[in-house]
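Below you'll find the structure, written out as structure tokens, and then a few comments.
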Amino acid sequence: MFLSSNDNYQDLTNAHPFSQTELETINRNLHKVNNYYGQQNIKFYLVVAPNSSSIYPEYLPPYLKKINPQSRLQQIEAYLGKHQTNIKLINPSNELIAAKPTGDLYYRLDTHWTYRGSAVAYRYIMKRLIQDFPQLSDQTKIEYQSPVISNHRDLAILIGLSNFLTELETPIKISSPITTQLLTPECLSPYIQC
């Protein structure tokens, strides 16, 4: 299931590309943010969470055809690359696409990453940060747990069927030298201490 708002439809088909002026504005705004943090000796990274439809286009209806060859995200990446900007853009799209055979990376009844998808993105983000901060190391161990049934997914809620539509979800156990945390659907509730 995909979110099908008008904006999302335009993104799916690349129907509304950025104009040159919009790209210049985005670049200028990103530089303002980058400079602000740079003055405080903080490195700025722009991390993109791609839409599920860009990772799983094979599940879209066949009548959805690309109007323009580039997505707006691809336009931004190309613009930043062409203009030799020092904006550090982290886009885990290729890693997510490569990880599709390992299991669901987005919920079928939700617009968000599954725990598996978030783990793939986390690993890619850490890999990129370690390039700039070699003293970092990713010692995080991720263990996949037994699947559980979940029915609190945003798309199911939007159509009023969260009590009827369920989905298997694979919780993860995250361990690092500092802490261990089990992430399950229940642990995301503000009312339950895990």
- Message: Criterion first (closer than 30 Å to GLU167 by Cβ, surrounded by 11 or more Cβ atoms within 10 Å (Cβ to Cβ) and at pLDDT 90 or above) does TYR79 satisfy it?
- Response: no
- Could we say that GLN131 is outside any helix (DSSP H, G or I) and open to solvent by 60 Å² or more (accessible area, probe 1.4 Å) here? no
- Is one or more of the residues making up region 49-69 farther than 21 Å from ASP11 by Cα and open to solvent by 100 Å² or more (accessible area, probe 1.4 Å)? no
- Message: I'd like the full set of residues that are in contact (Cβ under 8 Å) with a residue 40 or more places away in the chain, more than 22 Å from ASP132 (Cβ to Cβ) and part of a loop (DSSP other than H, G, I, E, B), limited to region 77-103.
- Response: GLY103
- Of GLN70, GLN74, which residue is at pLDDT 90 or above, closer than 29 Å to LYS32 by Cβ, of a type outside the set (Val, Ile, Thr) and under 17 Å from the mean Cα position of the chain (by Cα)? GLN74
- Per the filter on region 90-106, residues of a type in the set (A, V, I, L, M, F, W, C) and either more than 22 Å from ASN29 (Cβ to Cβ) or at pLDDT below 95 (or both) are LEU96, ILE97, ALA98, ALA99, LEU105
- Pairs, please: C-beta under 8 Å, at least 6 apart or cross-chain, first residue open to solvent by 50 Å² or more (accessible area, probe 1.4 Å) and in region 16-27, second part of a loop (DSSP other than H, G, I, E, B)? PRO17/ASN68; PRO17/GLN70
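The values are calculated or read from the model by the stated rules, or taken from the named source; none is laboratory data. This one's a predicted model, so the numbers in the text were calculated from it and none came from an experiment. So basically every Cβ, Gly included, is an ideal-geometry build from the backbone, and we count neighbours across all protein chains shown. For the accessible areas, the whole protein counts, side chains as well, though only heavy atoms, and no ligand, DNA or RNA atoms are used. Shrake-Rupley method; radii C 1.70, N 1.55, O 1.52, S 1.80 Å.
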